[in-house]
Amino acid sequence: MAHARKRWLSTQIQAELKWSPAVALYGLRQVGKTTLAQTLAKQLGGTYITFDDEAQRESSRLSPKEFCERKGLLCIDEVQKGAWLFPVIKTQVGTKRTPGRFLLTGSIRFTSRKDIYESLTGRILTHELLPFSFAEARDEEPSTFLATCFKELMDNRKISTSTLIETLFASNRSASLKDLNRYYAQGGIPIPGFTREPLKRQAWFRSYFDTLIARDVPLVEPKLSHLSLRQGHAFLRALALDQGQESSATILADRAGIRPLQATQLLRALEILCVIDRIPPYVLAKKSVRKLRTEWKDIALRNNAVGLQEGTEPGETEMRCLIGQEFRSQLSLLSPAPTWHFYRSREGGNIPWIFRQGKAILALYYSNKERPEPYDTRTLRSFLNTEKHSLGIFLGSRKTVPVVLGERLIVLPFQSIF
């Protein structure tokens, strides 16, 4: 296939199946879960089954115990459609912890379903398959930007910022503007991401949103089954315009012509379906904003929801979405997994990326400038003064010259992260 690429998560899953009886994989629809599950089943000599097949679902319903008792690895795709299997899997994994028994995939967050969550908790390793990152789409090794920054924070009580800049640039692959623009337009979902014709990509995105509204959302939120395509598209556009902002259900409802309760339900459904993330705030003081911030999982999905045409020059909102997507991919490879927060004061101070791993904290800000003005870094400096074991990074334009601004504050061109 034209979009056949090695998924970084594949190696980790194979390693885990050597000692864990079950691994679960969830993610955005069409992100490549089926391809990965089929590949792993073939490589490991397992059996692949999809619950999109009604006959397989019915067979599992009639004899769930016998259905699960097979030799070797059993890969069940879209397993959330067979919730009756989870108590059986729970029992089998609990009584016989033979490694590599189950690989389960689904298009929803498993923690969103009480029956699934209670069956899996403490018995299974769970991963989210994200859209292809910039490097993954180019069949390259992942960027080590965040890993390097955290290593510096962990290893040294007093960070050598000049040495850190040298280390980061030693591993910098200098992502080209052409490649970044292509990724910005096509995103990381396999089909549109590896389709060369813009008109075909646009048609795919329209179909994707129609299916999302008419089929996927009602499956996780049945009360929204009467939502019209017009209302659904209007809501997605309003939410896409809120990228990187603290979304208000009341305002979104007004823009989309729906009720506030429906807007709240839609936000929850889109998070369950892995279309968006809701990022929690980092509370520093009473004046900190405490609402959740909306982040889209895929830049091209977000741009098409807004209605941006390919070739449109990315603004700061689009660039922050692109950078956030790259950070999300890198975070998924770190262990223990860092948490993602944001900070915004009521006076307008803003830090979109605050990543915490143990005591180590990274705080990052982006602006399309070659060199920051003092007011651009004021919030970062204030944050660093409050959180002593932290590192601040200002990401500037492509022409930005790396420089040390302070003991724990550096400036880099944004392409350094890729």
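Could you tell me whether any residue of region 257-277 is crowded, with 19+ Cβ neighbours inside 10 Å and out of contact with any helix residue (DSSP H, G or I) (no Cβ under 9 Å at 6 or more places or on another chain)? Looking for residues that are crowded, with 19+ Cβ neighbours inside 10 Å and out of contact with any helix residue (DSSP H, G or I) (no Cβ under 9 Å at 6 or more places or on another chain), one finds at least one in region 257-277, hence yes. The set of residues in region 7-37 that are exposed (fewer than 15 other Cβ atoms within 10 Å of the Cβ) and under 27 Å from LEU270 (Cα atoms) contains only SER10.
When restricted to residues that are surrounded by fewer than 17 Cβ atoms within 10 Å (Cβ to Cβ), closer than 19 Å to VAL220 by Cα and touching a Phe, Trp or Tyr at 6+ places or on another chain (Cβ under 8 Å), region 51-94 contains 0.
If I go through region 43-68 residue by residue, how many of them are part of a loop (DSSP other than H, G, I, E, B) and touching a residue at least 24 places away in the same chain (Cβ under 8 Å)?
Within region 43-68, residues that are part of a loop (DSSP other than H, G, I, E, B) and touching a residue at least 24 places away in the same chain (Cβ under 8 Å) number 5.
Kindly check whether there is at least one residue in region 331-344 that is over 19 Å from ALA238 (Cβ atoms), without any contact (Cβ under 8 Å) to a residue 60 or more places away in the chain and of a type in the set (A, V, I, L, M). The answer is yes, given that some residue of region 331-344 is over 19 Å from ALA238 (Cβ atoms), without any contact (Cβ under 8 Å) to a residue 60 or more places away in the chain and of a type in the set (A, V, I, L, M).
Can we say TYR365 is more than 20 Å from LEU239 (Cβ to Cβ), modelled with pLDDT under 95 and buried (at least 19 other Cβ atoms within 10 Å of the Cβ)? Criteria not met by TYR365.
It is to be established whether one or more residues within region 100-113 are among the charged types (D, E, K, R), more than 27 Å from ILE323 (Cα to Cα) and at pLDDT 85 or above.
Checking region 100-113: at least one residue is among the charged types (D, E, K, R), more than 27 Å from ILE323 (Cα to Cα) and at pLDDT 85 or above.
Inspection of region 60-77 identifies at least one residue that is touching a Leu at 6+ places or on another chain (Cβ under 8 Å) and of a type in the set (Gly, Ala, Ser). Scan LEU334, LEU322 and give me the residue that is surrounded by fewer than 18 Cβ atoms within 10 Å (Cβ to Cβ), closer than 22 Å to LEU28 by Cα and not assigned by TED's automatic domain parsing to the domain that holds LEU229. Of the residues listed, the single one that is surrounded by fewer than 18 Cβ atoms within 10 Å (Cβ to Cβ), closer than 22 Å to LEU28 by Cα and not assigned by TED's automatic domain parsing to the domain that holds LEU229 is LEU334.
Anything in region 117-137 that is out of contact with any strand residue (DSSP E or B) (no Cβ under 8 Å at 6 or more places or on another chain), buried (at least 16 other Cβ atoms within 10 Å of the Cβ) and at pLDDT below 90? List them, or say none.
The one that is out of contact with any strand residue (DSSP E or B) (no Cβ under 8 Å at 6 or more places or on another chain), buried (at least 16 other Cβ atoms within 10 Å of the Cβ) and at pLDDT below 90: SER119.
Looking only at residues that are of a type outside the set (Gly, Ala, Ser), in a loop (DSSP other than H, G, I, E, B) and out of contact with any helix residue (DSSP H, G or I) (no Cβ under 6 Å at 6 or more places or on another chain) in region 227-256, which one is farthest from ILE351 (Cα to Cα)? Result: LEU227. Scanning region 389-418 for residues that are more than 18 Å from THR167 (Cβ to Cβ) and part of a loop (DSSP other than H, G, I, E, B) returns HIS389, SER397, ARG398, LYS399.
The single condition among (1) hydrophobic (A, V, I, L, M, F, W, C); (2) exposed (fewer than 14 other Cβ atoms within 10 Å of the Cβ); (3) within 13 Å of THR50 (Cα to Cα) that LEU104 does not meet is (2). The listed residues are LEU40, LEU36, LEU104, and the only one of them that is outside the structural domain of GLU271 (by TED's automatic domain parsing) and in a strand (DSSP E or B) turns out to be LEU104.
The values are calculated or read from the model by the stated rules, or taken from the named source; none is laboratory data. Computed from a predicted structure; not experimentally measured. When we count neighbours, we look across all protein chains shown, and the Cβ atoms used for this are built from the backbone with ideal geometry, even at glycine.
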